[in-house]
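To start, the structure under review is shown below, and the notes come after it.
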Amino acid sequence: MSKKQLFTLEFPVRCSPNILFEFLSTASGLQEWFADKVDEWENVFSFSWNGGVPDKAELLDQEADKFIRFKWLHSEKNEYFEFSIEKTEISNQTILIISYFIALVVAS
């Protein structure tokens, strides 16, 4: 039996939240670092890697320079993946936070 759990990863980046948001919220920006090929049509993004079959995700919500949330079309209702941006108070560093659901194998 598998259970899905929300995981988050944090990465410091050397750019402003405004520039980072462009890499997270546009097909051309996502194609620079997230997938080999990204297309967008009416808030549905198509991602493909290594020439494989595209995987599609719907844009659920976003706030400029703060976060963008997607839902894979094949995933369950409450599952999503999200890119969010924070600035640290002490060092004023930009942090990219990636949140996503991953299946865990649960022993019965």
What residue among Ile102, Leu20, Trp49 has its Cα farthest toward the positive end of the dipole of the chain, where the charges are +1 on Lys, Arg and -1 on Asp, Glu, each on the Cβ? Ile102
Based on Cβ point charges of +1 for Lys and Arg and -1 for Asp and Glu, what charge dipole magnitude is obtained for region 2-105 about its Cα centre, in debye rounded to the nearest 20? 320 debye
Nearby lysines by direct alpha-carbon distance to Lys37 (threshold 17 angstrom, same-chain neighbours under 8 apart not counted): Lys56
Less than 19 Å apart at the alpha-carbon level, and either on another chain or at least 8 residues along: which lysines does that give for Lys3? Lys71, Lys77
Using a 10 Å cut-off around each Cβ, can you sort Lys71, Lys4 from fewest to most neighbouring Cβ atoms? Lys4, Lys71
Scanning the chain for GluC sites (Glu not before Pro) in DSSP loops with at most 12 other Cβ atoms within 10 Å, what's the longest stretch left with none? 1-41
Exactly which chymotrypsin sites (Phe, Trp or Tyr not before Pro) in region 8-108 are in a DSSP loop and have at most 16 other Cβ atoms within 10 Å? Phe34, Trp49
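All of the numbers you see were taken from the coordinates with simple rules; none came from a lab. Everything numeric here is computed off the predicted structure, so don't read it as measured data. Every residue, glycine as well, gets a Cβ built from its backbone with ideal geometry; the counts of neighbours run over all protein chains shown.
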